[in-house]
């Protein structure tokens, strides 16, 4: 099999791996109320489960990205398959909420981390040309999972309950992720490739400045994913329509990523990154203004997905342009740990803000953080 064909097969495997792992993780907003009801509590104590899982995703991603750069992507994806399957299976049997904090958050979160940065880094190394196209297609798997996951989760939970839904997802995750591992492979070493070393990348002022901006932007990304569903329902919007909002994020993200893929390498990565952050700010302002208007909720969700596509497709390309692709998996994994802080300050902290002060106060706090994040994005190019 020639390298060109292999590169696209590996891109397809990365698409499927992201579809599975993010489809599970980003469906959590649909599980929020059913889990709270089953343990006779409010959503406040349950919401940090999502944040904690996301933190494990980023921590594991930093390790897995580095590991895959050194020993190859296949064993890392197998590890992700095992973690996802065990995490979902044991979580389905939990008899207390704290069991989910011990099992779901670390295992499912780490499974996502084992798949995302390693697969992006591997695909980035396979392509010297059309890298933007390939990475956009891989990230379309994230959007597709985010679109399909909440819709399927709502149907399964309504019919079978959240525990059986976890069990079903465990089986599908095991089969599909092992298949992705078998299909994946690492590219031949490129002669003369830029190789600064991961430690030099992580110490660079450009990296640190953009990392700080991502810490501040993270709450704006994760808060809507965690709270669109319950916020809309609290405004009298039906459960099916509310559940669709996270699916709209995924659908618009897929569309935007396919457009970016078709346009190829025509974007300047850092300008694209800033545009993504600006669109996210606009999404949050619409969310703040939504009230009981489903149209504004829908518009906010649609813009969230477009922003996500523009912003996250740019990030691997920014790092590749600045530092090369030899350590792209490790650099990307380390970079995305910044979102772990955002995820913690987003759903975890905001869950308690919402319980005490309401959604408007929580969204206003996220908007302020996102404004500072956008301003910070203008500095790395000057360093």
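No lab work stands behind these numbers, since they all come straight from the coordinates. These numbers come from a predicted model, not from an experiment. Neighbour counts run over all protein chains shown; Cβ positions are idealised from the backbone, glycine included.
Couple of notes before you dig in:
- Ranking of 84, 119 by count of other Cβ atoms within 10 Å, fewest first: 84, 119
- For segment 131-242, convex hull volume per residue from C-alpha positions, Å³: 175 Å³
- Taking other Cβ atoms within 10 Å as a rough exposure proxy, 307, 289 sort from fewest to most as 289, 307.
- With Cα atoms, 0 to 90° folded angle of helix 162-183 axis to the chain main axis: 10 degrees
- The C-alpha radius of gyration of the chain, expressed as a fraction of 2.2 N^0.38 Å, stands at 0.92.
- On Cα atoms only, tilt of 3-25 relative to the major axis of the chain in degrees: 20 degrees
- In terms of other Cβ atoms within 10 Å, 55, 368 run from fewest to most in the order 368, 55.
- Acute angle (nearest 10 degrees) that the helix 131-160 long axis makes with the longest principal axis of the chain, alpha-carbon atoms: 20 degrees
- Within the chain, helix-based [θ] at 222 nm, where runs of 4 or more DSSP H residues each add -39,500 (n - 2.57), nearest 500: -27000 deg cm²/dmol
- Estimated D of segment 166-304 in µm² per second, where Rh is the Kirkwood radius over Cα pairs and Stokes-Einstein applies at 4 °C, 1.567 mPa s: 70 µm²/s
- Spread of Cα-to-Cα distances over 5 Å intervals beginning at zero, given as percent, for segment 230-365: 2, 10, 15, 19, 20, 14, 10, 6, 3, 1, 0
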